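Working notes for the structure below.
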């Protein structure tokens, strides 16, 4: 599962000013009208997806655009479920701090301290280094532990947890732990495996109990067994060829995705449920200890001088589905964009243009509850 756009979103958060979009934009209604124009333009060019913008719990825009299917005229609605790619890693990250608060792991433990039988160079890397992509791990590897490039087909090859761990034991580090930042899907797959061993619970169970339920994320998961009928957006390849979606096309079994994805990608969500995750961070629903919440925030969020607050901008893509989110913590301002067409990728410009319409002075300070 690839990632994209995080640096772009943070740069925008730090640098965008009102003058960037013209002095004529002076109130919220006009800004929102400009957003609608952007969406209409993208839709006319063949893009499709969902956009959701909210401020302090008030939904300002929640709209689908384009088609949820590649060959059938099915309009996208906010209720459609999309793949969110590497935003899955945000849940894997927060789980580390939740499980640490519960006394089940420490983010400063090494892999071998959590997995005593684990052998190989990765054993000396700490969970914190893996969380920060500074563990020296390659991005993806083959069965012999050798680095390989990303291909969406690899995400759906069968791979069990024990096979993943055996693969990871063969890996040679590409840099010294803590030395440089190197994005690694393998690292997050390994984190999910360590959580399972440490807790005796499956990664999906941990997500449900510690992430989804506390934030009332009713439409997020690898699969859904609550009897609620849901509509899943199809992924469309370049030229409109159907790629499909994991649920309707049985891309994984009842236990969830292959360990080529687990911990690193593959989750499905509506825009509203994904927004619930960020609101849950602000509301403190994930931690009993406020200091642990602060440790998590400090590990994940970046202070934006322009916005005078901490922000985060995760994104994910498999080259077909794209998901991009922006969260400004103090203002509780969120923008979520999810798209489903390989030849109209949402974060390649649309999210940037939307964020430009909301400089730091977009909302009155007022009550900071």
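Brief remarks on what is shown
- Cα long-axis angle, helix 88-101 against the chain (0 to 90 degrees, to the nearest 10): 60
- Its residue count N fixes a reference of 2.2 N^0.38 Å for the chain, and the Cα radius of gyration divided by that reference is 0.97.
- Part-to-part distance (alpha-carbon centres) for the range 142-209 and the range 53-103, which is given in Å: 23
- Full extension of the chain between residue 226 and residue 79 gives 51.3 nm of extra length, using 0.36 nm per residue less the Cα-Cα distance.
- Exposure proxy order (Cβ contacts within 10 Å, fewest to most) of 39, 61: 61, 39
- Efficiency of FRET from Cβ geometry, residue 27 and residue 205, R₀ 51 Å, rounded to 0.05: 0.65
- The Cα-based radius of gyration of the range 51-106, divided by its Kirkwood radius, gives an Rg/Rh of 1.20.
- Kirkwood hydrodynamic radius of the range 105-200, from inverse mean 1/r over distinct Cα pairs, in Å: 13.2
- Candidates 146, 52, 229, ranked by Gaussian network fluctuation over the chain, Cα under 10 Å, top entry: 229
- Degrees separating the helix 271-283 axis from the principal Cα axis of the chain, which is the longest one: 80
- One decimal place: the segment residue 36-residue 181 gains 48.5 nm when fully extended, by the rule 0.36 nm per residue minus the C-alpha distance.
- In the chain, the longest principal axis of the Cα atoms and the axis of helix 28-44 are about 70 degrees apart.
- Relative contact order, percent, the chain [alpha-carbon distance under 8 Å, six or more residues apart]: 29
- Fraction of beta bridges assigned by DSSP in the chain that are antiparallel (%, nearest 5): 95
- Packing-based exposure ordering (other Cβ within 10 Å, fewest first) of 35, 335, 59: 59, 35, 335
- In this label model, residue 213 and residue 108 are separated by 3.1 nm, measuring between points 7 Å along each Cα→Cβ vector.
- Counted by neighbouring Cβ atoms within 10 Å, the residues 98, 302, 152 run from fewest to most as 302, 152, 98.
Every number here is computed from the coordinates shown, using simple stated rules; none is lab data. Owing to the predicted nature of the structure, the values given are computational and were not obtained by experimental measurement. Virtual Cβ from ideal backbone geometry, glycine too; neighbours counted across all protein chains shown.
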